[in-house]
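Each reported figure results from applying straightforward, stated rules to the coordinates on display, with no laboratory input. Computed from a predicted model, the values in this text were never measured in an experiment. Heads up, the Cβs are rebuilt from the backbone with ideal geometry, glycines too, and the neighbour counts pull from every protein chain shown.
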Amino acid sequence: MERLRVAAYCRVSTDKDDQLHSLEAQKRYFSDYIASHPDWEPAGIWADEGISGTSTRRRQFRALLAAAENGEIDLILTKEVSRFARNTVDALACTRRLKEWGVGVLFLNDNIDTRAGEGEFRLTIMASVAQEESRKTSERVKWGQRRSMERGVVFGAHGVYGYRLQNGVLTVREEQAEIVRRVYHMFLEAGKGTHVIARELTEAGVPTPKAQGNAWSSTMVLRLLRNEKYCGDLLQKKTCTPDFLTHQKVPNRGQEEQIYLRDHHQAIVSRAAFERAQRELERRQAGRARHSARYWCSGKARCGRCGRALLPRRAERKDGTVRVRWGCRACGGGTVSDALLRVCVGEALRAAGIDGEKIIRRLCADWRALEQAARGETRRAADEIAKRSARLLDAYCAGAVDGDEWRRRQAAYERERKRLEAASDGEPGQWQERSEWLRARLYEAEPVCAEAVQGLAVDGKTIAVSLFGMSRNTQTVYQITGKGDGQRAVPEASKALSPP
């Protein structure tokens, strides 16, 4: 008689030392248990460490199922239903799938054998009990964590840059804390944006919050500026786990009550600096929101005399084009054309060292590389069509395909071949056209100006431009010459002035 190939599965839900010892004990138990049956043949022992039974995302468990599907196992031993799965649906789905493959599951402590007629019925009852126990355990754990949080024990802050978390207590990492203070200084005192701060930290070789990263990002900087922990406060329950079966963490948007503790630990920056940073973030965000209004400089262009916002005046020419001029209706100063303002912004970007030609060359090179790769894929697809057409012809000659079918499929191949050939043909002069298109839009295009400009001040014959990322006290000043549509802007200097 053929021996039964028997495997075993065991699991512990934590990776603590005592649990790992228990796992080793389970392995020894199953080895001895299988060896005690002379008609059984050992087919391996699979074990997962530190993973909850409410999830089937277990590496060894998946490997066990794969071996069963491959016909390497006849019977699986496990201690109890709760070790196999605490999710009723998953437990039943897995055992049914195994049954289809001719594999039974024997739950030793629960005395359930899925090969028996009443096995699935008893399994349903036991799995439901295990799932309910898992839900109660989840509630008890959450309750205990909340009481600990209220006492000030910190959860889930292992990756907070500038702090070390040990035994639920946050202590300052001074080498990282210095970088946090540097970021706040660059943002508040130098007036730099998050993109500029990230670039300068990267260029200075400052290690990122993530050990595997080699470059700072705007998002990393924003996290430092928005995290309340840096002023000594603690907000807990920023994320929550609404479903105990999936264990998936999601942002806490009112699903569970949060806990806020003021002056909880040693601060890295002063409360005044943190609150000032929040106000500045809101101000910049509000400013950027205004930029998406009807005109690119709405809310940014102001009168240099009275400080009020400049308002647009539209005039339609005889040729159908629309001219926009900006002026102050409060103090009755002169007006300046929208086009001239954009020319000044473009000049300010050039003066700031923005190498437009280099950007254009890089973009065109990337464009060309993408299209060349696409053409290569197209050529390979065309070659494959040709091979299929040849195979179809061979089949037709051999009598495996009739004439109507051959003509129909051959016509389809021909249409696809022509389409691919047309797609692979490049348009003459397209790169010159694209570079000119980019050049015309790089500096003076409205979207570029809207993103780059922090403020504009127009005072009679003077235009002062301040850009995001530059010191807020530095403006590039232009003198206006000429009148009406003949106005021109002549750069005066970069001056330290009050922001508009």
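Observations on the structure shown:
- In terms of packing, defined here as the mean over residues of other Cβ atoms within 10 angstrom, the peptides 383-395, 192-204 line up highest first as 192-204, 383-395.
- Here the extension length gained between Ala390 and Lys461 equals 18.0 nm, from 0.36 nm per residue of separation less the Cα-Cα distance.
- Pairs over the 31 Å Cα-Cα cut-off, from the set Lys300/Lys483; Lys192/Lys229; Lys79/Lys136; Lys229/Lys300; Lys27/Lys210: Lys229/Lys300; Lys27/Lys210.
- Computed from label points 7 Å out along Cα-Cβ, the spacing between Tyr33 and Leu4 is 1.2 nm.
- Computed from the C-beta positions of Asn167 and Glu189 and an R0 of 30 Å, the FRET efficiency is 0.25 to the nearest 0.05.
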